[in-house]
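Worksheet: one structure, shown below.
The values are calculated or read from the model by the stated rules, or taken from the named source; none is laboratory data. These figures come from a predicted structure and were not determined experimentally. Heads up, the Cβs are rebuilt from the backbone with ideal geometry, glycines too, and the neighbour counts pull from every protein chain shown. For the accessible areas, the whole protein counts, side chains as well, though only heavy atoms, and no ligand, DNA or RNA atoms are used. Shrake-Rupley method; radii C 1.70, N 1.55, O 1.52, S 1.80 Å.
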Amino acid sequence: MASTDGSRGARLSEVLRSLAFYAVFYPGTALFVFACGLCVPFSMPGFRRVVRAWAGFHRWCARALVGIRLEVSGYAARGQVLYAIKHEAFFEAIDLPCQFDLPVVFAKAELMRIPLWGRTGQHYGLIAVERDAGARALRTMISEARRLTADGRPLVIFPEGTRVPHGTQAPLQSGFAGIYKLLGLPVIPVAVDTGPLYHRRWKRAGTAHYRFGEEIPPGLPRDEVEARVHAAINALNPVL
């Protein structure tokens with residue numbers, strides 16, 4: 001049986017490129033996290049520049065060491081919106097500070113518990129999502145989102161709640177509809193296809209894509225907004 005991460009049958013070049021990526025990116029990340037910790041007490045603008053530099057460093061590692069290039073289509077700045085992004089790999093999560101201007105991100109609460117990294121994420125603008133929490137927790141998340149975006153920062157959510165293998169179309173988490181309703185913001189869905197190249201032990205060279213969909217207005221019924229977002233984020237993800 002073939003390995004689920006695509007490790008069986010990997011070419012020697014993929015193995016060597018991936019090892020180079022791991023050897024450079026992860027130690028480099030540790031240095032960036034340390035630099036963030038130094039910046040937070042003294043310079044919030046400096047801290048944010050370091051975060052963006054880390055995301056840029058990741059893009060460079062993916063391109064130069066693995067051979068993964070990125071093509072973006074349909075994107076244009078649209079003011080304050082909620083971006084709903086397909087989640088196939090860590091690639092698009094790490095890349096957010098490069099793609100958007102100081103995004104506020106709804107993220108799994110488990111990430112906030114990672115020593116030092118979690119604290120750094122909270123300073124940047126990650127909002128912890130407790131998946132099994134009730135209405136009170138949802139209201140707290142909305143209040144935090146409004147506070148962090150008062151200056152116009154964009155919001156980002158992965159509406160499936162976790163990474164989904166390429167070739168499957170998972171339902172949206174129930175909390176997405178509540179966030180959409182309470183925020184009252186338009187939604188821009190974003191399709192990605194990073195999984196086949198990046199979400200594997202031995203990563204593959206190639207071109208990954210972000211495809212930004214049409215803006216979905218606020219105030220739609222739950223069934224309609226969920227159907228439209230689900231279809232748009234899976235535009236690059238045919239069922240296998």
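Tell me the carbon and sulfur percent of the accessible area for the chain, rounded to whole percent, probe radius 1.4 Å.
On the way: 7060 of 12170 Å².
Using a 1.4 Å probe with all protein chains present, the chain comes out at 58 percent carbon and sulfur.
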Output row, site residue 101, 7 Å Cα→C-beta label point, backbone N cut-off 19 Å, window the range 136-159, residues 146-157
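Multiply the residue gap between residue 113 and residue 80 by 0.36 nm, knock off their C-alpha separation, and tell me the result in nm, one decimal place.
Values: separation 33, 0.36 × 33 = 11.88 nm, distance 2.87 nm.
That pair, residue 113 and residue 80, stretches by 9.0 nm at full extension.
Using 0.36 nm times the number of residues separating residue 147 and residue 43, minus their current alpha carbon distance, what extension gain do you get? Numbers along the way, then the final one.
Numbers: separation 104, 0.36 × 104 = 37.44 nm, distance 1.99 nm.
Full extension of this stretch gives 35.5 nm more.
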Relative packing of 12-24, 85-97, which averages over residues the other C-beta atoms within 10 Å, highest first: 85-97, 12-24
Excluding residue 74 itself, calculate the net charge of residues whose Cβ lies under 12 Å from the Cβ of residue 74, where each Lys or Arg counts +1 and each Asp or Glu counts -1. -1
Over all alpha-carbon pairs of the range 141-227, lay out the pair-distance distribution in 5 Å bins, whole %, shortest bin first. 3, 11, 20, 21, 17, 13, 9, 5, 1
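Please report the relative contact order for the range 126-240, taking Cα pairs under 8 Å with a sequence separation of at least 6, and give it as a percent rounded to a whole number. Before the final figure, lay out the partial values.
Details: 121 pairs, mean separation 31.4, N = 115.
Taking the mean separation of contacting Cα pairs over the length of the range 126-240, I get 27 percent.
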Can you work out ³J(HN,Hα) from phi for every residue in the range 149-159, in order, using Karplus 6.51 cos²θ - 1.76 cosθ + 1.60 and θ = phi - 60°, giving whole Hz and x for Gly and Pro? 9, 4, 9, x, 5, x, 10, 10, 9, 9, x
Expected unfolding gain across residue 90-residue 181 under the 0.36 nm per residue rule, minus the alpha-carbon gap, is 30.0 nm
Name the residues whose placed amide hydrogens come within less than 5 Å of the amide hydrogen of residue 105, ignoring near sequence neighbours (fewer than 5 apart) on the same chain. 126, 127, 156
³J(HN,Hα) across the range 202-210 via Karplus (A = 6.51, B = -1.76, C = 1.60, θ = phi - 60°), whole Hz, x for Gly/Pro? 9, 6, 10, 6, x, 10, 9, 10, 10
What's the percent breakdown of Cα-Cα distances in the range 28-93 across 5 Å bins, shortest bin first? 3, 13, 17, 19, 20, 17, 10, 1
Tell me, rounded to the nearest percent, the portion of alpha carbon pairs in the chain spaced more than 25 Å apart. 44 percent
